[in-house]
Every structure is written in structure tokens, then in C-alpha cells.
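Q: One structure is given below, represented as C-alpha cells, and several questions about it will come after.
Each reported figure results from applying straightforward, stated rules to the coordinates on display, with no laboratory input. Small disclaimer: the values here were computed from a predicted structure and weren't measured.
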């Protein structure tokens, strides 16, 4: 099953748990893209802090390992966070990781921030 395949135009879809009168209440409420303020690496951990977005109830972080030629593709780490910072642990040594952040409010999601990349140190 293809999770990314579309079953029709997005604008034609509606949430099944909302009444038609509730649908219009959320149209046009766009969340701003969060700004990543700090990314620091210490040992096998990465600390990320971002500017909170008005109306957001949580944030989705995508942490990706930079791929080298011939290397097996690693799945990104996806984290949903309530606050404005997060620390990811158990990172590989001497590896570059990139993080992007999006704001969410239960109905909408913002665009992802520009990736911020840092390289972990040697053990």
C-alpha cells in the first residue's frame, strides 16, 4: 500500500469526524513555519530549540542522517513534541544529522523549517 499516493484532490477531502459547519471554522488558519533558534551537539546527543508559533499545540521534528554515496538509506526519526525544545540521543559518532520542525494545531500543519545540520563528534 502506498502511503504517499493520493486518493484524490486534497481540497475535495474533509475530515469525517467534523460536521460541515465545523469545516469552515478551520479554513484559512495557516500556522507560521517555526524558526530553529539553536542546534547543538554534545557526544551522541543533539539539542534543538525553536521559536514557538501562535496557535500551535505541538511540533513535529524530523531528524535525518545525512546519506553518503553507497550508504544504505536510514529512515528519518520523527518526534512529536509539546514544548519548544528537544534532545535526541543515541546518535552515531562522526555523522551529520539535519533537523526540520513543523508546527501543528490538531487540524493544520505548517511548512517545515529549513534544515539545520550538525555533525556529531568522535567517541
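Q: Need the full-extension length gain, residue 66 to residue 117, defined as separation in residues times 0.36 nm minus the C-alpha distance. One decimal, nm. Intermediate results must be reported in sequence, preceding the final value.
A: Details: separation 51, 0.36 × 51 = 18.36 nm, distance 0.87 nm.
Fully extending the segment from residue 66 to residue 117 adds 17.5 nm.
Q: Ignoring solvent entirely, what values of log10 I(q)/I(0) come out of the Debye formula for the stretch 17-119 at 0.10, 0.16, 0.24 Å⁻¹ when each Cα is a single scatterer?
A: -0.33, -0.71, -1.24
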